[in-house]
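Notes follow once the structure below has been shown.
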Amino acid sequence: MVRFSVLEPWQDPRGGEIERVRIDNGIIALEVLSLGGIIRSLWTPDRNGERKNIVLGCDSAEDYLAQQVHLGAVAGRYSNRIANGAMEYQGQRYSLSVNQATNCLHGGAEGFNRKLWQLGTLSDGVRLTLKSPDGDMGFPGNCTVQLDYRLVGNNLYVEMLASTDKACPISLTQHSYFNLDGNRSDTNTEHTLQVDAKTYLTMNDVGVPTAIESTQGSDLDMTVATPMSVQTQRAALAATKGFDHCYVLDNPGADLQRFGCLASPNSGRSMTVYTNQPGVQVYGANFLQGTVAKKQRVLADHQAVCIEPQMLPDSPNQPHLPGASNVWITPESVYHHITRYQFDAK
């Protein structure tokens, strides 16, 4: 049984209202905004059964629109980076919004994280829908997106479908910042991360993939649960001030496959992630410093962890990458992303 609470809406300073709804199945609960498909709060129990909010968020529309770190939002049309803000399909070249170095990052300057979505309810969650017009941030085609957040026992399911009337690359991801000790905790260093993926993408100095390498014996090897504190100690992570790397799953059938587990020995909480996506970006919140969050608290670097299932970055320009053959969604096909977050405590 999922209980729904409609909360007082916020005024969008750009015009209109931002809807807010809380859903609770007695085990986990979340608050969702119609702005950006944002998960503002996510409450899960610790080893003593005490529920705390484990994601970072803001207290107002103004603060969400001011921050640049995608707190809790859906990134799209194309999450992560497209090199040089450009791509080509069947002889047609497209110029995209450039908003990070030379790249189009997370869909551009006015990506899905800043859009007003339509918000409705399901029997076990909420459904948000968005219509992105042809040419939005340079992307071709009128794109329709459906986003479901569903609570099933101790699981949060995130499922996204998208279609377009012109061929367009689509990659959507949920960009929540998790701190399993509760959102008042100021560090992720004692969290442990364990990753099943056996390969990862090396990158150039602006985060564009250059090769696929084995994790075995490398600084990206997280086969055994390892404290997040290593992200400031391992040489390969120095250039990005910590984890900001895409792991590659061996999942050609796009099955719901285990990626790994984030855990906190302090609270006993753990979050195991399963996804049908070919890649998962792990980001250690390396550039969070200065962001204003709830209660006007100023966030610090390495205060949380993002685990972002997605198509591989720059796949529209690198057809050899795993999953790239399916990255251009045509009018005859449908984009489908499903991720399951399993919350446990011990």
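The values are calculated or read from the model by the stated rules, or taken from the named source; none is laboratory data. Being a predicted model, the structure only gives us computed values, none of them experimental. Here the Cβ is made from the backbone with ideal geometry for all residues, glycine too, and neighbour counts use every protein chain on show. These area figures cover heavy atoms from the full protein model, side chains too; ligands, DNA and RNA do not enter into them. Shrake-Rupley method; radii C 1.70, N 1.55, O 1.52, S 1.80 Å.
Check which residues have an amide H placed less than 5 Å from residue 7's amide H, if you skip close sequence neighbours.
HN-HN under 5 Å from residue 7: 20, 21, 22.
Cα gyration tensor of the range 282-346, axes a ≥ b ≥ c as square roots of the eigenvalues: rounded (a/c below 1.5), prolate (a/b > b/c) or oblate?
Because a/c hits 1.5 or more and a/b exceeds b/c, the range 282-346 counts as prolate.
Enter the Cα centre distance for the pair the range 313-342 and the range 195-223, rounded to the nearest angstrom.
19 Å
Could you check how much of the accessible area of the chain is carbon and sulfur, as a whole percent, using a 1.4 Å probe?
About 49 percent, which is the carbon plus sulfur part of the accessible surface.
Per residue of the range 54-61, what does 6.51 cos²θ - 1.76 cosθ + 1.60 with θ = phi - 60° give for ³J(HN,Hα)? Whole Hz please, x for Gly and Pro, Karplus curve as stated.
10, 10, 7, x, 10, 9, 7, 4
Which residue, 173, 189, 44, has the most motion in a Gaussian network model of the chain that connects Cα atoms within less than 10 Å?
189
Where does the range 71-156 land on Rg(C-alpha)/(2.2 N^0.38 Å)?
1.26
GNM on the chain, C-alpha springs below 10 Å: top fluctuator among 174, 257, 277?
The residue with the greatest mean-square fluctuation here is 257.
Please list the non-local residues whose amide H lies under 5 Å from the amide H of residue 327, H modeled 1.01 Å from N, same-chain partners needing a gap of 5 or more.
For residue 327, no residues qualify.
Quick query: amide H of residue 115 versus all other amide H atoms, modeled in the peptide plane; which residues come in under 5 Å with a sequence gap of 5 or more or a different chain?
Amide H neighbours of residue 115: 36.
Residue by residue through the range 191-206, what is 3J(HN,Hα) from phi via Karplus (6.51 cos²θ - 1.76 cosθ + 1.60, θ = phi - 60°)? Round to whole Hz and write x for glycine and proline.
5, 10, 10, 10, 10, 7, 4, 9, 9, 8, 9, 7, 9, 7, 6, 10
If you count only protein heavy atoms with a 1.4 Å probe, what accessible area per residue comes out for the chain, rounded to a whole Å²?
39 Å²
Ignoring GluC sites (Glu not before Pro) that are buried or in helix or strand per DSSP, and keeping those with at most 12 other beta carbon atoms within 10 Å, what is the longest stretch of the chain between them? Each step should come with its number before you reach the end.
Details: sites that count: 50, 110, 332.
Within the chain, the longest run free of exposed GluC sites (Glu not before Pro) spans 111-331.
Could you derive backbone 3J(HN,Hα) for the range 15-22 from the dihedral phi with the Karplus parameters 6.51, -1.76 and 1.60 (θ = phi - 60°), listing whole Hz in sequence and x where the residue is Gly or Pro?
With the stated coefficients, the range 15-22 comes to x, x, 10, 9, 6, 9, 9, 10 Hz.
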